[in-house]
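Scroll down for the structure; my scribbles are underneath it.
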2 protein chains.
Amino acid sequence: MKKEPVSLKDIAKQLNVSISTVSRALRNKGEINPETRKGIIELAKKLKFRPNPLATGLLNKKTSTIGIVIPEIENYFYSTILRGMDSVASLSGYRLIVSYTNDNQTNEILAIQELMLSRVDGIIACPSSELYDFTHYYDIIDNNIPLVIFEREPEEIPTYKVVTDNIKSSIEVTEHLISKRCRRIAFITNLEPLAAGRLRYEGYKMALKKHNIPLDHELIIHGNMNISTSVEATINLLKKKPLPDAIIGNNDMVAMVAMKIAKEKGFRIPQDIAVAGFADEPFSSFLEPSLTSVGQPAYLIGMKSLEIMLQMINGDIPINEDKKIVLESALVIRDSTKR
Amino acid sequence: MKKEPVSLKDIAKQLNVSISTVSRALRNKGEINPETRKGIIELAKKLKFRPNPLATGLLNKKTSTIGIVIPEIENYFYSTILRGMDSVASLSGYRLIVSYTNDNQTNEILAIQELMLSRVDGIIACPSSELYDFTHYYDIIDNNIPLVIFEREPEEIPTYKVVTDNIKSSIEVTEHLISKRCRRIAFITNLEPLAAGRLRYEGYKMALKKHNIPLDHELIIHGNMNISTSVEATINLLKKKPLPDAIIGNNDMVAMVAMKIAKEKGFRIPQDIAVAGFADEPFSSFLEPSLTSVGQPAYLIGMKSLEIMLQMINGDIPINEDKKIVLESALVIRDSTKR
DNA sequence: TTGAAAGCGTTACCAG
DNA sequence: CTGGTAACGCTTTCAA
């Protein structure tokens, strides 16, 4: 049914030359009669010939395809990372195959298996935060397939990682709140082993310690960062005595929910409770009050991950190095913490 | 460098049988000695053999890959569509290659060329709204490559289209505002030839006409729907005399911007000006006031497009039919229009 | 029941 | 300068 694309054979037949001659002419390799070459190139252009990637791939064992394993896509942070990756990939003639894990390990294992069966040239993955089993990553490494990890920092996986300065930026936002005379700072976060939230929690603790503010475990709420758990978390926080005077959400969605619930309960923001988030979503400056947030270099994470991957594939850097690239975040102060 | 995956040849060698025997055993085709078969299957499982998709693809001229052409991805609406597509594709053993056009025709043409060169089995595209040249689509059709269009409805491209009931839902939101005694309803929208905004504008006009409200062209602002143009559009609207008493934004981002600007200028929402949007983004219920919006069946658009594509590929439906699948939207009424 | 061979489209190598 | 051939990994057809 599908009309067949032109092949070298077609061109060879029409011009009464051999397939190898056509191949050579088109890739300008080896000696060749300029006349013959010109004719071949012309016909090829006319027929819109382009080598079948399946055939070349079969030959040099390359698919020109990179597998991406990412938790979600309906999320500005991750979709921006993806676009950063795509921008580099498409410029270099690579295609991306994207798998979504929902931050769930079972999906992740399946995704990686599928990608390896698809014979991708490399895998760039964000391991799910609950990760406790690393065999599927060792599988990638054992097969000498280039692997780049992004956003999460599993020490158990010895390879390149592209991450952000979670601890530092968390210290920064916490100190910002402290400078605004907040003393009971609550933190709604994801404390799963590999979650960025866990590192941010470390930063938070360091900031408190530095300023001699006692850590109150009551103010730390572990959640999986969806809307309903965030609602619940906030309601619980607002029952604590004494009340928290600030809430940090592990992302802007959580912070947004916290603000809404607090306002509904009659608290003024930021006067009664200051609120801050992470990731600086486009909507954050439009909330009421506008939301203070730690901006993440999402696009850059994507670009950088893909650049490293390409270097690995091209053999410019070894594929078995355990190295961490840390990109900088930037605190964006808005009305939700101005008091 | 990369460790070679096991091939039929490897298995054949180890078991001292021919490649064809192994192939037959594994796919349970043709007569074969149950003993031999068992041995082969066992070894294959142990070695984690899986056929090289490049080789099979070369043989049956299939890549098991579907190309997606989509305007953006950092946008809940489009990323949800994409996930809908992915959910169906991954269940059917298809991979998706996604290209982003930024709603720009030049990018779109390049994307489609690239996809065709990659030999995708089918293309699902959202043509850019400014589209005036359709040759690249005719190119797809001429090559007998299955094509599905989504979200936009170009009459010039005779193929399956998966769209939403833009006119109807626009009538609905406009009538909703009219029922709230709004008479000067402004519309910030994208009027490019293929934009959904154009159809929504039609619906808007029909609703006004039905209720004998004169159309005031001053209240229609054409924009490309980014934040800065929306800011400008709103500022202009708020200078009109008499003032608009409602603003419809062509998406929730626009409506969000309009609300913010109007509030900053001292207008009360919805009392002075009611506001509504399209697409019902997750943040919309968290705005102040919560935003009335037309919910779009994004996930369904994605699923449906891919289902149709698979049917085309499988030959269950002809690939040259000009048919439109219309999915229903649902108006979500919130505080921004409750007056 | 099994094996050999052709072919998918391409490239690389070796003769001529 | 050009053509033939082998090879990539797989499926299918034809013989044995």
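Bear in mind that the values in this text are calculations on the coordinates, not laboratory data. What you see is a predicted model; the values in this text were computed from it and never measured. Note that each Cβ is placed from the backbone with ideal geometry, even for glycine, and that neighbours are counted across all protein chains shown.
List of remarks:
- Quarter of Cα convex hull surface for region A:1-50, i.e. mean projection, nm²: 3.4
- Summed over qualifying helices (DSSP H, 4 residues or more, each -39500 (n - 2.57)) and divided by its residue number, chain B shows a 222 nm mean residue ellipticity of -13000 deg cm²/dmol.
- Amide H partners (placed H, <5 Å) of B:ILE317, local residues excluded: B:MET312
- Of the GluC sites (Glu not before Pro) in region B:243-339, the ones in a loop by DSSP (not H, G, I, E or B) with at most 11 other beta carbons within 10 Å are B:GLU321.
- Counted charge near B:ALA262, where neighbours are those whose Cβ lies closer than 10 Å (Asp, Glu -1; Lys, Arg +1): +2
- A straight Cα-to-Cα reach below 18 Å connects A:LYS209 with the aspartates and glutamates A:GLU172, A:GLU175, A:GLU218, A:ASP245, residues fewer than 8 places away in its own chain not being considered.
- Evaluating 6.51 cos²θ - 1.76 cosθ + 1.60 at θ = phi - 60° for every residue in region A:151-164, the Karplus couplings come out as 6, 10, 10, x, 5, 5, 9, x, 7, 5, 10, 10, 9, 10 Hz, glycine and proline recorded as x.
- Inter-chain Cβ neighbour count for B:108-115, averaged per residue, equals 1 (cutoff 10 Å, partner chain atoms only).
- 10 Å Cβ neighbours from other chains, averaged over peptide B:288-300: 1
- Euclidean distance of C-alpha centroids, region A:26-86 and region A:251-275, integer Å: 50
- Calculated over region A:122-267: convex hull of Cα atoms, volume per residue (Å³): 112
- Note, ³J(HN,Hα) from phi for region A:214-220, Karplus 6.51, -1.76, 1.60, rounded to Hz, x at Gly and Pro: x, 7, 10, 4, 4, 8, 9
- Expressed per residue, the C-alpha convex hull volume of region A:44-138 stands at 117 Å³.
- Kirkwood hydrodynamic radius (C-alpha pairs) into Stokes-Einstein, the protein assembly as shown, 20 °C and 1.002 mPa s, D in µm²/s: 77
- Each residue in A:ARG198, B:ARG27 was given a count of other beta-carbon atoms within 10 angstrom of its own, and listing them fewest first yields B:ARG27, A:ARG198.
- As a size descriptor, the averaged projected area of the C-alpha convex hull of chain A was calculated at 21.8 nm².
- Exceeding the 30 Å Cα-Cα cut-off - candidates B:LYS205/B:LYS260; A:LYS161/B:LYS61; A:LYS338/B:LYS260; B:LYS260/B:LYS323; B:LYS9/B:LYS62: A:LYS161/B:LYS61; B:LYS260/B:LYS323
- Placed amide H near A:LEU331: partners under 5 Å, 5+ positions off or other chain: A:GLY295
- Other-chain or far-sequence residues with amide H under 5 Å of B:ALA274's (modelled H): B:ALA246, B:ILE247
- Summing charges over neighbours of A:ARG37, with a neighbour being any other residue whose Cβ is under 13 Å away from its Cβ, gives +2 when K and R count +1 and D and E count -1.
- Peptide B:65-76 has a mean shielding of 3, counted as Cβ atoms of other protein chains within 10 Å of each residue's Cβ.
- For B:LYS338, the label point sits 7 Å beyond Cα toward Cβ; its separations from the matching points on the remaining copies run 2.9 nm, from shortest to longest.
- Mean-position separation - Cα centroids, region B:168-206 and region A:311-339, in angstrom: 44
- Plainly put, the tip 7 Å out from Cα toward Cβ on B:ILE213 is 4.9 nm from that tip on each other copy, the closest given first.
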